[in-house]
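The values are calculated or read from the model by the stated rules, or taken from the named source; none is laboratory data. Quantities reported herein were computed from a predicted structural model and do not represent experimental measurements. Cβ placement follows ideal geometry from the backbone for every residue including glycine, while neighbour counts extend to all protein chains displayed. Note: accessible area is taken over every heavy atom of the protein model, side chains too, but ligands, DNA and RNA are not part of it. Shrake-Rupley method; radii C 1.70, N 1.55, O 1.52, S 1.80 Å.
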Amino acid sequence: MTARAIGIVIEGATGRLGTTQHLRALMAIRAEGGLPLADGDRLVPEPVLLGRNPAKLAALAAAHGGLKWSTERHVCLDDPGIAIYFDASATGGRPERAAAAIDAGKHVFLEKPIAETLPEALSLARRAQHAGLRHGVVQDKLFLPGLRKLKKLYDTDFFGRVLSVRLEFGWWVFDGELYPAQRPSWNYRKATGGGLVLDMFAHWRYIFDRLLGEIKAVSCRHTTAVPERRDEHGQRYDVDVEDHAFAIFELAGEVLAQVGSSWASRVKRDDLLQIQIDGTLGSVVCGLHRCFVQPLVATPKPFFDPERPQPMFFDEQWQELPDVEPLRNGYRAGWEMFLRHVAEGAPFPSPLLEGAKSVQLAEACHQSNRERRWIDLPELTL
């Protein structure tokens with residue numbers, strides 16, 4: 001067995017996702033002696049932290065055993081010891097940053113969305129493809145326990161013919177007046193690639209296309225529910241993007257899906273994300289971790305009585321699926337797949353073209369909102 005080091009530069013390393021998810025995932029692989037490969041070798045990640053704040057970078061590097069760090073992107077891209085460029089910083093400027101990495105001969109792995117416009121996204125995917133480099137976009141939600149249980153139900157044809165899908169996502173993001181906001185201020189500014197549709201509908205695109213049914217068309221309305229907020233320094237600013245959106249997706253097979261997404265909605269359900277699928281043979285309600293089913297043979301017959309309250313407790317009529325498989329961190333699972341893709345050419349299901357599909361959906365939602373009509377999503381190719 002041979003340990004093989006692989007250099008990975010993480011741009012935006014001191015941000016929320018960069019630190020708590022991606023760096024954490026890579027350090028966990030490293031702590032176990034590296035990722036086992038098919039030939040018996042172990043691939044050991046060597047993270048290099050890239051950002052704008054030297055003090056934060058130095059502190060983060062020291063907290064992880066003295067990692068290398070830099071504030072100069074070109075220095076990292078010129079380093080022959082770095083094989084992979086990963087971007088977890090703000091969406092604004094991501095295509096330019098990733099294009100520079102591709103031109104430097106680095107494999108690229110990007111957080112979503114990979115760009116703000118579809119032409120930029122497709123251009124980036126084509127650039128990486130023509131350069132002969134490995135490339136991909138993060139699709140972490142597919143590894144969540146709730147969605148993995150949901151996939152098992154699809155694999156065993158639990159639903160029969162699917163009739164409809166309903167996805168609800170949202171939580172209350174404070175505006176900075178009473179309590180600090182839980183999301184960075186760039187999420188609420190168009191100039192930095194903000195907006196709920198561009199951010200969250202990237203998740204919905206890959207969840208639907210790879211699990212619930214390919215999206216063929218969309219009708220969408222969105223709005224700005226909280227028009228003024230305070231940033232990380234307490235300064236007021238105007239929100240110029242949407243934080244509240246409702247859409248209907250038409251899926252393959254003419255199945256309709258209702259999708260509600262909000263950063264200005266208080267939660268009264270089991271989880272921040274809840275998906276309900278109704279089929280001729282059964283239904284499911286799943287969240288990020290838990291999954292409940294109700295087959296046809298166990299479906300109750302409720303009734304409406306205007307003179308007395310409903311006697312049934314509907315929540316008690318569902319059966320929870322057990323935790324059979326071990327829990328896997330979705331970010332780590334994605335990194336393991338991409339590292340094997342780079343090191344030994346193993347399949348990788350989410351190349352940059354999949355990231356372009358997410359941007360396509362976001363643009364279609366914005367167009368639908370402006371023109372108040374259905375928008376088709378044609379097939380994308382490189």
Query - Principal axis box of region 237-305, alpha-carbon based, largest edge first, Å - result: 55, 32, 30
Requested in this report: Work out the length of the dipole vector of region 1-138 about its Cα centre, built from +1 on the beta-carbon of each Lys and Arg and -1 on the beta-carbon of each Asp and Glu, and round it to the nearest 20 debye.
Outcome: 220
Query - Surface accessible to a 1.4 Å probe, SER265 within the full protein complex, Å² - result: 40
Query raised in the report: Mind checking the dipole of region 163-302: about its Cα centre, +1 per Lys or Arg Cβ, -1 per Asp or Glu Cβ, Debye to the nearest 20?
Result: 280
Report task. Filter the trypsin sites (Lys or Arg not before Pro) in region 226-313 down to the DSSP loop ones having no more than 14 other Cβ atoms within 10 Å, then list what survives. Result -> ARG266, LYS268, ARG269
Report summary line: Per DSSP, the loop-located GluC sites (Glu not before Pro) within region 223-328 having at most 15 other beta carbons within 10 Å are GLU232, GLU254, GLU307
Query raised in the report: If you bin the C-alpha pair distances of region 204-246 every 5 Å from 0, what whole percents do you get?
Result: 5, 18, 15, 15, 13, 11, 10, 8, 3
Query raised in the report: Rounded to the nearest whole Å², what accessible area per residue is found for the chain with the 1.4 Å probe?
Result: 49
Query raised in the report: Which whole-number percentage describes the relative contact order of region 1-111, with Cα contacts under 8 Å and a sequence gap of 6 or more?
Result: 31
Requested in this report: State the percent of C-alpha pairs, over all pairs in region 159-240, separated by a distance greater than 21 angstrom.
Outcome: 42
Report task. Compare PHE174, PHE246 by solvent-accessible area with a 1.4 Å probe and give them largest first, with all protein chains kept in place. Result -> PHE246, PHE174
Report summary line: Cα extents of region 216-340 per principal axis, largest first, Å, are 55, 54, 33
Requested in this report: Before anything else, pin down the relative contact order of the chain: Cα pairs under 8 Å, at least 6 apart, normalised by residue count, whole percent.
Outcome: 19
Query raised in the report: Ordering ASP323, ASP305, ASP140 by how much accessible area each has at a 1.4 Å probe, largest first, what is the list?
Result: ASP323, ASP305, ASP140
Requested in this report: May I have the extent of the alpha carbons of region 54-154 along their three principal axes, as whole Å values ordered from largest to smallest?
Outcome: 47, 36, 24
Query raised in the report: What relative contact order, as a whole-number percentage, does region 314-382 give when Cα pairs under 8 Å and 6 or more residues apart are counted?
Result: 19
Report task. On the protein heavy atoms, probe 1.4 angstrom, tell me the percent of accessible surface of region 255-382 carried by carbon and sulfur. Result -> 54
Report task. Work out which helices of the chain, taken as complete DSSP H runs, extend at least 20 Å along their axis over the Cα atoms and score a mean Kyte-Doolittle of -0.5 or more, then list them. Result -> 330-344
Report summary line: With the charge dipole of the chain built from beta-carbon charges (+1 for Lys and Arg, -1 for Asp and Glu) about the Cα centre, the Cα from GLY33, SER164, PRO180 projecting farthest to the positive end belongs to GLY33
Query raised in the report: What percent of all Cα-Cα pairs in the chain falls in each 10 Å bin, counting up from 0?
Result: 5, 21, 30, 26, 13, 4, 1, 0
**Report entry** Loop-located GluC sites (Glu not before Pro) in region 321-382 whose Cβ has at most 15 other Cβ within 10 Å (DSSP)
**Finding:** GLU379
**Report entry** Accessible surface ranking that places the most exposed of TRP186, TRP335 first, with a 1.4 angstrom probe
**Finding:** TRP186, TRP335
